[in-house]
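Only the coordinates and a few stated rules stand behind these numbers; no lab work does. Because the structure is a prediction, the values reported are computed rather than measured. As a convention, Cβ positions derive from the backbone with ideal geometry for all residues, glycine included, and neighbour counts pool all protein chains shown.
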Amino acid sequence: MSKAHPVQVIAVSGGKGGVGKSNVSVNLGIALAQKGRRVVLLDADLGLGNIDVLLGITANRTLKDVLAGECDLRDVLVNGPGGIKIVPASSGTQRMTQLSSMEHAGLINAFSELGDQIDVLIVDTAAGISESVVSFLRASQELLLVVCDEPTSITDAYALIKLMNRDYDTNRFRILANQVGSEQEGRHLFEKLTRVTERFLDVALQYVGMVPYDEAVKKAVQRQKAVLDAYPRAKASLAIKALADKVESWPLPSSPRGHLEFFVERLVEV
């Protein structure tokens with residue numbers, strides 16, 4: 001097997017539901033694919049995966065089948081819009097944290113085999129701060145938190161940052177303001193979050209931009225399409241493309257194995 005090249009692993013999270021996390025994950029994946037990156041999107045909401053519904057995709061097999069030894073991870077990959085590949089979540093309650101050591105090993109193996117054919121792995125986590133969400137965040141190299149301008153979104157994002165910082169020494173978080181009215185509103189939202197974290201935590205938050213509130217996103221969801229696919233010139237689409245430009249400049253993992261095996265090992269060592 002050829003030497004694994006570095007894979008960028010980005011977890012997209014937000015604390016609460018309804019902040020547009022899955023939309024950001026899908027569209028960021030498409031934007032990176034348009035720049036020539038080979039992107040795999042992992043729907044990590046293992047109980048209530050929604051990427052397939054969001055995109056009108058039918059998944060015949062899921063991670064559950066890989067763990068049962070019934071197929072390879074490659075057999076599970078579904079072609080998504082814009083050339084991205086999607087690993088659909090298993091519906092039901094298959095939890096990463098409840099796997100046997102044999103299943104752990106199988107999962108590490110499955111993702112390692114994929115390593116040569118992937119540049120970016122985007123992990124769309126579930127809402128909340130369950131054990132499963134935390135294990136995905138711990139394992140990822142970059143944490144992108146999607147925040148909206150509403151009190152519950154800010155308090156939930158703060159709770160997630162606090163938990164990751166206090167229990168797992170994570171101190172770098174990238175913040176994306178979503179569904180805001182303007183660039184100024186996005187910065188203002190970031191400042192609100194920073195004020196709370198600076199007072200109580202030792203963390204570095206980095207503002208990576210904003211995605212404006214855009215009716216085109218709603219229309220795309222109704223059509224079961226990604227906004228970047230359905231309305232490439234929409235304000236939200238252009239904002240996601242600008243985010244993809246920034247993601248390209250984020251540092252790649254320097255370990256010789258790349259980051260994918262490390263990601264899965266971290267994921268299952270809990």
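Model label sites at Gln222 and Ser182, defined 7 Å from Cα along the beta-carbon direction, differ in position by 2.8 nm. A simple charge model with +1 on the Cβ of Lys and Arg, -1 on the Cβ of Asp and Glu and nothing else charged puts the dipole of segment 110-264 at about 380 debye relative to its Cα centre.
Counting beta carbons within 10 Å around each of Ser130, Ser112, Ser249, Ser22 and listing the fewest first gives the order Ser249, Ser130, Ser112, Ser22. Placing a pseudo-label 7 Å from each Cα along the Cα-to-Cβ vector at Val196 and Asn50 gives an inter-label distance of 2.1 nm. For the set Lys21/Lys218; Lys35/Lys225; Lys85/Lys246; Lys64/Lys218; Lys35/Lys85; Lys218/Lys241, the pairs lying more than 23 angstrom apart at their alpha carbons are Lys64/Lys218. Across segment 11-268, the mean sequence separation of Cα contacts (distance under 8 Å, 6 or more residues apart), normalised by length, yields a relative contact order of 25 percent. Could you list the residues of segment 183-216 with an amide nitrogen less than 20 Å from a label point located 7 Å from the Cα of Lys235 in the Cα-to-C-beta direction? Answer for segment 183-216: 183-191, 208-216. Expressed as a fraction of 2.2 N^0.38 Å, the value expected for a compact globular protein of N residues, the C-alpha radius of gyration of segment 11-268 is 0.96.
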